[in-house]
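Here's the structure, in structure tokens; my notes come after.
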Amino acid sequence: EGVPTCPATPAYSLCDLVFEMNDQDAAAHPNPYLTVKLHAEFRSPRHRTFLMPAFWTGGRKLVIRFAPDEPGDWAFRLTSNIDRFNDKEGAFQSTPSEVPGYVRPANLHHWATLRGENVNMRKQHLWMGDTCLRFAFLTDAEFRQVADTRAAQHFTHLRGLLIGGAADSPAVYADADHPAFDYFQRVDDRIRYLNSKGIVADLIVAGKQNHLTRLFPNWDQRQRYIRYIVARYSAMNVTWQGIEEFESYDNGRELLKEIGTLLKQNDPYLHPRSTDTRATSAALAGDGWMNFITHGSGDDQIGAIEHQLYP
């Protein structure tokens, strides 16, 4: 069978490789969210590798979403527990683009966009952000008004809850093993729209007061959720913002180390990682997963003291 591939794709533009399960595959995997394993290892023109998992979009469709980060000839190889897809290869070409690269920490207290690994293509980035926690639950008209207004005001980031809060859970996951595909398609469309306006989506992966652990009580469920959102959103222009008000969680620090390490390991684009906080996330910096500090307090003394405590 032919392997899905990308058309000529501008750098930092999305390409979705769509795979259709047949009757035999569907019978073997009645819930692909739980059991299907499908990855593509992409190799860049300079032989860097990006391992991208597939995500289930409902029915029999699986998607591997990828964005090349430099122009040139790309190749990929599939691995899967569905034999028809396993060990297949493909190739495509990426074309030059004027789209800025992804946001990266730079020089300790600054931000930059970096195109691929080319330090000569680094450009200063001013992080000016707004918060719209329930951006995924606004009407289309309301959402576009927020996005268009902030873009016109030269905002570069919009922060929101990826799956809403605890009260929104039934609209997002029927249960821990069944994502609501219409909901996630709406989130896809809204992050695409923000990115098209030059706005980075700062994604809080769950709401406050134990929302994440109530929705996904065990490790396997949380691991599947994190891998699912990495597969859907890491090829977009995003940052990872941990959990809302991590101090409101039982064992919030341990939970963040768990999911933050998963983000670090599974996101091949290495988007910035921190967490939402009532005061400061600085005390978590030694846990090895976080690469920038956020403040949830306007108290100037916090920053002044932390500048002395945390290199």
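The values are calculated or read from the model by the stated rules, or taken from the named source; none is laboratory data. On a predicted model such as this, the values are computed, not experimentally measured, just so you know. For neighbour counting, all protein chains shown are included, and Cβ atoms are generated from backbone atoms with ideal geometry for every residue, glycine included. These area figures cover heavy atoms from the full protein model, side chains too; ligands, DNA and RNA do not enter into them. Shrake-Rupley method; radii C 1.70, N 1.55, O 1.52, S 1.80 Å.
For Lys61, which lysines qualify as cross-link partners when the Cα separation must be under 28 Å and same-chain residues fewer than eight apart are set aside? Those lysines meeting the cut-off are Lys37, Lys88, Lys264. Ranked by the mean number of other Cβ atoms within 10 Å of their residues, highest first, the peptides 43-49, 134-140, 191-197 fall in the order 191-197, 134-140, 43-49. Here the chain carries DSSP beta bridges of which approximately 70% are antiparallel, counting only pairs with both residues inside. In percent, rounded to a whole number, the relative contact order of the chain is 13, using alpha-carbon pairs under 8 Å and six or more apart. Compactness of the chain was expressed as the Cα radius of gyration divided by 2.2 N^0.38 Å, which yields 1.00. Between the Cα long axis of helix 252-266 and the first principal axis of the chain there is an angle of about 40°, rounded to the nearest 10. By accessible area, using a 1.4 Å probe on protein heavy atoms only, the chain has 50% of its surface on carbon and sulfur. Using 7 Å Cα-to-Cβ label points, what is the Lys264/Thr49 separation (nm, one decimal)? Simple spin-label model gives 2.1 nm for this pair.
Ligands, DNA and RNA are left out, and with a 1.4 angstrom probe the accessible area of the chain is 47 Å² per residue.
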